[in-house]
Every structure is written in C-alpha cells, then in structure tokens.
Amino acid sequence: MSQLLNSTPKQDGFRMPAEYEKHAGCWMLWPERPDNWRNGAKPAQRAFTSVAAAISQFEPVTVGVNQGQFQNARALLPSNIRVVEISSNDAWIRDTGPTFVINDMGEIRGIDWEFNAWGGLNGGLYPVWDQDNLVAQKVLEIEQVDRYKASFILEGGAIHVDGQGTALVTEECLLNPNRNPSLSHGEIEQTLTDYLNVRQIIWLGRGVYLDETDGHIDNLACFIRPGVVALTWTDNQHDPQYDISCDALERLKQATDAQGRRLEVHKIHQPGPLYITQAESAGVDSSASSHPRQVGQRMAASYVNFYIANGGIVVPIFDDPYDVAALQQLQALFPERKVIGVPGREILLGGGNIHCITQQQPAP
Ligand code: KQY
C-alpha cells in the first residue's frame, strides 16, 4: 500500500534523481480528447504507441488509459507494454504523474504536486483537471510507493535536476502568477529545496517561444550529465527564439552548479519553425474550453524534449532538415546510449513532446 507522509523528502533524506540515473520503468498516459488531438486522437495514438514501443526496447513501459479507451489502447500497444486503467483529462504524465525520489538505500517515494492544467482559470489549457490531479496518487498506489502530498502547484516538465544537488527551472513558469501567486521567489526556492532536496537552483528566463506551458524547462534545456547541459538554439537572429536562447546561454555560462562546477552548454538547433497546417487545424474539435489549434499557429518545437531511457535516448523528429544534426549531436553527447528518433509532430500538435508524455520511475 501507499502511505501518505507528513514530512518532506529533504527531511527524510530523499532526493530527486536525474533522468540519466537507472530506471525501473517509464509511465505514459493514452491520448483521446478530440479538442486537443486531431482526427479523434487516432494519429496521436499511433505516435504515442511508437514512443512507447521505442522506450520499451530499453525499460518496462506502463500506459494509463481511460476506461473507454482500454480495449483500443490494448489492441494498439505492443504486448510487452503494460496497460492499466487510470482516468485522466489528457495525456501529459510528465506534469500529472509523481516526481519520484530516492534515498541512499535505494528506497523510492513519490511527490504528488498540485496540478492546475498549466495555469488554472488564469491562462490554463482546460478548465477541468480533476482526474489529472489524481494521476500521481494512482500511480503511487499501483506501485505501492509512499507519497508526499505537496500543496505547491508544479508540473514535472517545469523542473530538471542533475542528481547532484542542482535544479534547472524557468522564471516564466515558476514565477508565473497563475501557479503559486501567494509565494515569494524565496519561498518557491525553499519549496523546491525541501521537495527535490537540491542546494542550487539555476533560473533561466523564458522558455521556448510560444510554449503553452508558460515556458517549461523541459522544452528549452536539460542536463546531459552533471555539469553538461543541452540548450535549444537558433542561429536566426530574427527569430524570437534567438533572444530567449541567448539569454539562457548567458545565464548558464554565469551559473555554477551545486558542486561548484561551471556548466558546459551544447546548443541543439531547433527544427522549423513549424506551423499548424489547415488539415491539422481542421481535425481538432472546436471547444470553448480548450486551447485553440489554429492554422498558421507556430508550435514550440524542440529536440531537447527527449526522453532518457536505460541505455537509450528517444528523440522527437519532425521530417525537418535539422533532424539529422540533432540526432548526431545527441548520439555524441550520449555515447553509451542508443539514440532513436521517433516522429514527434503529432505530439507537438497537442502542445508538448516526448519528454512531456513520459515519466521515469527510478530503480530501487
Ligand atoms: O510540456 C509539457 N510538459 C506538457 C505540455 C502540455 C500541453 C497541453 N496541451
């Protein structure tokens, strides 16, 4: 069974491990809402299936599915992937699932953050998120992992850690008044310190241009290993992403991590820019209560939104001239892992990418 804990991970000697530490497996959810995923979510379901299949080459994958889609998901997903019934409002388990923490004895616990659909009624992406807000608890129940309930609003895509005491976040997201408006900058840092058990927080400014999550770090930058960071980039000085990435680069260059190291930063050139086509927009059901997907709208495409599996890296690709360079760069940065590109456009159309739809569970 999963017990509710009254303390914090830091008090108990638990810390959030880096994604490149060993996993027991990976969690995903199944897309279905037709006001976010075009054509009744069928193309997205195929894209999620490809991601799950790619990750399952490296580690066990479990997919949580709403009741009405159980049989369809079971039929589409390969048989080595576990399918369990978990209700959700959409399919972003990076943000709705637990953040797992471990201690020096290899025990695992989970943090159940408060979730408000990326901003609640103040710019959030849909108005009902009651089932999303239960996903973390349900995963921890299934895994019989004890749970810290944080009253703090946070999505897993808004944090990266190096596993050695450093967290990477953006001001655009964590200081956004639509998340934790009653908390000061210092109180937000203190909460991250208490729950992730980090000593150094590196603040970048804005996230990827037009990222509807209010600038999640996981689309902008991530740790490759301690002391080494990948940053989404463009050489086009006229692209609004240029100033965002330059500012991030400057802050990363000025920063030191929790071990006192300067960071080595690798620029990964963004694809595109990529825009929603007429056919793509037409396939999304209109709804007053979800984020519109209009023709010509620019999408927040980034190769940095990849998933680090045991022995593998699963990277979104876009049938774009920059795909090959991104895959080659990532292979060089992760020489011990096999880099696999998986088509990411259908996931991007829903507002995120591979990192956003996955959640690693560390190995005990
Ligand atoms: O970037 C993420 N972690 C999630 C993206 C959510 C988009 C919702 N439409």
* To do: Could you give me the residue pairs with C-beta distances under 9 Å whose first residue belongs to region 267-294 and is on the phi > 0 side of the Ramachandran plot, whose second residue is basic (Lys, Arg) and part of a strand (DSSP E or B) wherever it lies, and which are 6+ apart or on separate chains?
  => Gly272/Arg298
* To do: Please specify each residue of region 333-357 satisfying the condition of being within 10 Å of the ligand (Cβ to nearest atom) and either open to solvent by 30 Å² or more (accessible area, probe 1.4 Å) or not in a helix (DSSP H, G or I) (or both).
  => Gly350, Gly351, Gly352, Asn353
* **Members of region 125-174 found to be within 15 Å of the ligand (Cβ to nearest atom) and within 16 Å of Lys10 (Cβ to Cβ), listed by number** => Leu154, Ile159
* Report those helices (runs of 4 or more DSSP H) wholly inside region 153-235 carrying at least 3 residues which are charged (D, E, K, R). => 185-196
* Asked: Counting only residues that are in contact (Cβ under 8 Å) with a residue 24 or more places away in the chain and open to solvent by less than 40 Å² (accessible area, probe 1.4 Å), which one in region 246-260 is nearest to Thr232 (Cα to Cα)?
  -> Ala248
* Asked: From the list Thr166, Thr170, which one is in contact (Cβ under 8 Å) with a residue 60 or more places away in the chain, within 30 Å of Gly311 (Cβ to Cβ) and under 19 Å from the mean Cα position of the chain (by Cα)?
  -> Thr166
* Could you tell me whether Leu192 is under 26 Å from Ala309 (Cα atoms) and within 16 Å of the ligand (Cβ to nearest atom)? => no
* To do: Give the number of residues within region 212-229 that are within 16 Å of the ligand (Cβ to nearest atom) and either of a type in the set (Gly, Ala, Ser) or out of contact with any strand residue (DSSP E or B) (no Cβ under 9 Å at 6 or more places or on another chain) (or both).
  => 4
* Structure fact -> Residue set Asn72, Asn66; condition open to solvent by 40 Å² or more (accessible area, probe 1.4 Å), farther than 27 Å from Phe334 by Cβ and over 16 Å from the mean Cα position of the chain (by Cα); output residue Asn72
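The values are calculated or read from the model by the stated rules, or taken from the named source; none is laboratory data. Everything numeric in this text was worked out from a predicted model, so none of it was measured. Using ideal geometry, Cβ is built from the backbone for each residue, glycine included, and neighbour counts are taken over all protein chains shown. Areas reflect the complete protein model, heavy atoms only, side chains present, ligands, DNA and RNA absent. Shrake-Rupley method; radii C 1.70, N 1.55, O 1.52, S 1.80 Å.
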